Amino acid sequence: MTTTTVENPVNEKDSAKPAAPRQVRRGENSRGTSVVSHGILIVASLIALFPVAWLVFLSLGPDKDDYLHPGGIWKKMTLDNYTFVLQETKFFDWLTSTMIVTLGTTLIGVVISATTGYAVSRMRFPGYKKFMWVLLVTQMFPVAVLMVPMYQILSEVQLIDNYLGLILVYCSTTVPYCAWLMKGYFDTIPFEIDEAGRVDGLSPFGTFARLILPLAKPGLAVAAFYSFLTAFGEVAFASTFMLSDTKYTFAVGLQTFVSEHDAQRNLMAATAVLIAIPVSAFFYFVQKNLVTGLTAGGTKG
């Protein structure tokens, strides 16, 4: 018995037809686009890091005029500037004052702004909309206008050259913005969570503390970061309300290296590098929630 194999004829046109190019799916970048985007990010990173690297480089120059001839620093790099700042100045007093003021401002400011934002987001009391606009209006006044009345108020309550006085002044600046930020973030949290807490027998404060705050960590991180940076870098109020040189913050302490006829820029650079360490550490702890908090707070108004 013989078997015959039937072969399917192959169309010569189909075999000669080239394979169709792979289609790029939506959201998928081509190789050229990826290379360009990575190149742009690398350039942007270098631009952002250059001032920091330049500051560190200038801090290694032993002379105050080395910034005029930076090429000569390579031959005489030294850590003497850091040694002088740590041993011969009131750096650690400035560090203590700065940490007291910044952490106090951050803690008090975040607590007040979080409770304010939650109240406006969840409760409908007479004038709640106008209240938020009043907070926004307080940000319109420049520091020069507020300086004299604040000084008089602090003098009457004996809070001049006092950490608490400076903390309260900074809170008056950070709380309005942070309250708006937290209100927008609380608006993104479903109201059903509050109702579920009430059904389980929680009080309004218990619902806020046990259910809402854990969900609002990104918003709290942004508010804390803003409060921290505001108190850390402010100069005008700190230099006016703090009279003792041992109670200067870092921002005011830097000014001691500049006199009417001289400026020790090498010591300023070394101090600035040391000052950046606490800010970098604080940013490291809150970085995971910063992006989420910055974007989520603006989804609802």
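The values are calculated or read from the model by the stated rules, or taken from the named source; none is laboratory data. Only a predicted model underlies this, so the values are computations on that prediction, with no experimental measurement involved. Positions of Cβ are backbone-derived with ideal geometry, glycine not excepted, and every protein chain shown enters the neighbour counts. Side chains included, ligands, DNA and RNA excluded: accessible areas come from the protein's heavy atoms. Shrake-Rupley method; radii C 1.70, N 1.55, O 1.52, S 1.80 Å.
State which residue is farthest from Gly233 (Cα to Cα) when the search covers only region 131-158 and only residues that are open to solvent by less than 70 Å² (accessible area, probe 1.4 Å) and in contact (Cβ under 8 Å) with a residue 40 or more places away in the chain.
Met132
Give the residue, chosen from Thr96, Thr105, that is assigned to a helix (DSSP H, G or I) and in contact (Cβ under 8 Å) with a residue 60 or more places away in the chain. Lay out the reasoning, then the answer.
Values: Thr96 fails: in contact (Cβ under 8 Å) with a residue 60 or more places away in the chain.
The match here is Thr105.
Being closer than 20 Å to Ser59 by Cα and surrounded by fewer than 17 Cβ atoms within 10 Å (Cβ to Cβ) is the requirement here; does Thr271 meet it?
Answer is no for this residue.
Identify the residue in region 147-163 that is part of a helix (DSSP H, G or I) and among the aliphatic types (A, V, I, L, M) and, among all such residues, is farthest from Val101 (Cα to Cα).
Val148
Can you confirm whether Ser37 is closer than 20 Å to Ile277 by Cβ and surrounded by 10 or more Cβ atoms within 10 Å (Cβ to Cβ)?
Spelling it out, it is not the case that Ser37 is closer than 20 Å to Ile277 by Cβ and surrounded by 10 or more Cβ atoms within 10 Å (Cβ to Cβ).
Just to be sure I understand, how many residues within region 44-58 are more than 15 Å from Ile275 (Cα to Cα), open to solvent by 80 Å² or more (accessible area, probe 1.4 Å) and either in a loop (DSSP other than H, G, I, E, B) or not aromatic (Phe, Trp, Tyr) (or both)?
3
Quickly run through region 59-94 and pick out the residues that are open to solvent by 90 Å² or more (accessible area, probe 1.4 Å), closer than 12 Å to Asn266 by Cα and more than 31 Å from the chain's Cα centre (by Cα). Spell out the reasoning first.
At the first step, the residues of region 59-94 found to be open to solvent by 90 Å² or more (accessible area, probe 1.4 Å) are 68-69, 74-75, 79-80, 87-88, 92.
Next, only the ones that are closer than 12 Å to Asn266 by Cα stay: 68, 79-80.
Within region 59-94, Leu68, Asp80 meet the criteria.
Enumerate the pairs (first residue in region 65-91 and under 15 Å from Leu274 (Cα atoms); second residue anywhere and of a type outside the set (D, E, K, R) and not in a helix (DSSP H, G or I)) with beta-carbon separation below 6 Å, excluding pairs fewer than 6 apart on the same chain, so at least 6 apart or on different chains.
Final answer for the pair search is Asp80/Pro62.
Could you list, in sequence order, the residues of region 266-288 that are touching a residue at least 24 places away in the same chain (Cβ under 8 Å) and under 24 Å from Met242 (Cα atoms)?
The answer is Leu267, Ala269, Ala270, Thr271, Ala272, Val273, Leu274, Ile275, Ala276, Pro278, Val279.
Regarding Thr115, is this residue among the hydroxyl-bearing types (Ser, Thr, Tyr) and modelled with pLDDT of 90 or more? Let's see the steps before the verdict.
On the way: among the hydroxyl-bearing types (Ser, Thr, Tyr): yes; modelled with pLDDT of 90 or more: yes.
Spelling it out, Thr115 is indeed among the hydroxyl-bearing types (Ser, Thr, Tyr) and modelled with pLDDT of 90 or more.
Can you name every residue in region 209-241 that is free of Cβ contacts under 8 Å to residues at least 40 places away in the same chain and under 22 Å from Val273 (Cα atoms)?
Residues satisfying the conditions are Gly233, Val235, Ser239.
If only one of Ser244, Ser239, Ser227, Ser259 is hydroxyl-bearing (Ser, Thr, Tyr) and over 26 Å from Ile167 (Cβ atoms), which one is it?
Selected residue: Ser259, the only one of Ser244, Ser239, Ser227, Ser259 that is hydroxyl-bearing (Ser, Thr, Tyr) and over 26 Å from Ile167 (Cβ atoms).
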